[in-house]
Amino acid sequence: MNTEKHNLSSIRKPDHAKIEALLKSGCTDNCRSELEKILDDIRFFEIQSHMLRLYVSMDIFVAARSFCEEIGITEEQLTERFGTIEDIEPRLSTAESIAECLCDVVEQCIKWRISAAHTSKCRVISVVTDYIEHNYMSYDISLSTVADAVGLSPSYLSALFKKECGRNLSEYLTLVRIHRSQELLCCTSKMVYEIAYDVGFHDYKYFSQIFKKYTGQTPREYQTRANAAG
């Protein structure tokens with residue numbers, strides 16, 4: 001018993017900062033090797049006592065559980081994925097099996113985080129596109145005003161939008177304006193310059209240039225052909 005107490009008091013515990021960094025890494029490719037480094041740092045595989053191995057590994061399990069709470073993973077989801085304590089216990093009989101179980105838990109946490117991040121990004125993009133759809137007619141709408149409206153920095157929003165949508169936010173805004181102007185050219189009797197202002201262009205000549213760039217026709221040509229077809 002004295003030896004056990006001595007070992008417990010002198011045992012090195014996993015580096016919480018490294019555990020957190022691994023969980024937040026967003027990549028499962030090097031998960032196993034990074035976890036092994038964390039375990040090697042505390043000489044986990046040299047620990048002879050099974051109780052001490054469980055004691056040390058519990059820090060990683062607890063960190064993973066807290067991480068799951070932060071990203072919205074419920075207790076039910078954890079149980080569904082890993083089973084109950086009774087289900088897990090047989091997997092913790094040796095140092096190797098404990099390490100394997102830890103790796104399984106950490107990898108799944110990273111996968112959940114990746115999924116949560118993607119969902120969050122999709123939600124942001126949805127809010128951004130909705131904002132543009134309702135404000136494209138404003139002359140002063142820009143990357144900065146949109147970023148401010150959704151609470152993000154312009155640089156981050158710009159990179160996120162390009163990555164998720166495959167085009168710049170400014171180009172998306174232009175496409176929305178051009179599409180709306182096409183509808184107005186076909187379905188109203190407004191003058192071309194009026195339609196240009198209605199969709200957010202304060203310079204009629206610039207509107208004509210951009211319209212032709214995207215459609216291959218000037219606004220007047222497009223309107224004439226649309227009316228002739230109608």
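I'd like the full set of residues that are at pLDDT below 90, surrounded by 14 or more Cβ atoms within 10 Å (Cβ to Cβ) and in a helix (DSSP H, G or I), limited to region 60-87.
Once the filter is applied, which keeps residues that are at pLDDT below 90, surrounded by 14 or more Cβ atoms within 10 Å (Cβ to Cβ) and in a helix (DSSP H, G or I), region 60-87 yields nothing.
Name the residues in region 1-30 that are modelled with pLDDT under 90, surrounded by 14 or more Cβ atoms within 10 Å (Cβ to Cβ) and not in a loop (DSSP other than H, G, I, E, B), would you?
N7
Answer with yes or no whether L160 is part of a loop (DSSP other than H, G, I, E, B) and in the same structural domain as C122 (by TED's automatic domain parsing).
Numbers: part of a loop (DSSP other than H, G, I, E, B): no; in the same structural domain as C122 (by TED's automatic domain parsing): yes.
No, not satisfied.
Residues to consider are A95, A17, A63; find the one that is aliphatic (A, V, I, L, M) and without any contact (Cβ under 8 Å) to a residue 40 or more places away in the chain.
Among A95, A17, A63, only A17 is aliphatic (A, V, I, L, M) and without any contact (Cβ under 8 Å) to a residue 40 or more places away in the chain.
Is it the case that V146 is under 17 Å from the mean Cα position of the chain (by Cα) and outside the structural domain of P90 (by TED's automatic domain parsing)? Walk me through it before giving the result.
Numbers: under 17 Å from the mean Cα position of the chain (by Cα): no; outside the structural domain of P90 (by TED's automatic domain parsing): yes.
Here the answer is no, as V146 does not meet what is asked.
Taking the stated definitions as given, is S181 in contact with a Pro (Cβ under 8 Å, 6 or more places away or on another chain) and at pLDDT 90 or above? Can you show your working first?
Values: in contact with a Pro (Cβ under 8 Å, 6 or more places away or on another chain): yes; at pLDDT 90 or above: yes.
So S181 passes the test.
The values are calculated or read from the model by the stated rules, or taken from the named source; none is laboratory data. In this text the structure is predicted, and so the values were computed from the model without any measurement. Positions of Cβ are generated from backbone atoms using ideal geometry, with glycine treated the same way; all protein chains shown enter the neighbour counts.
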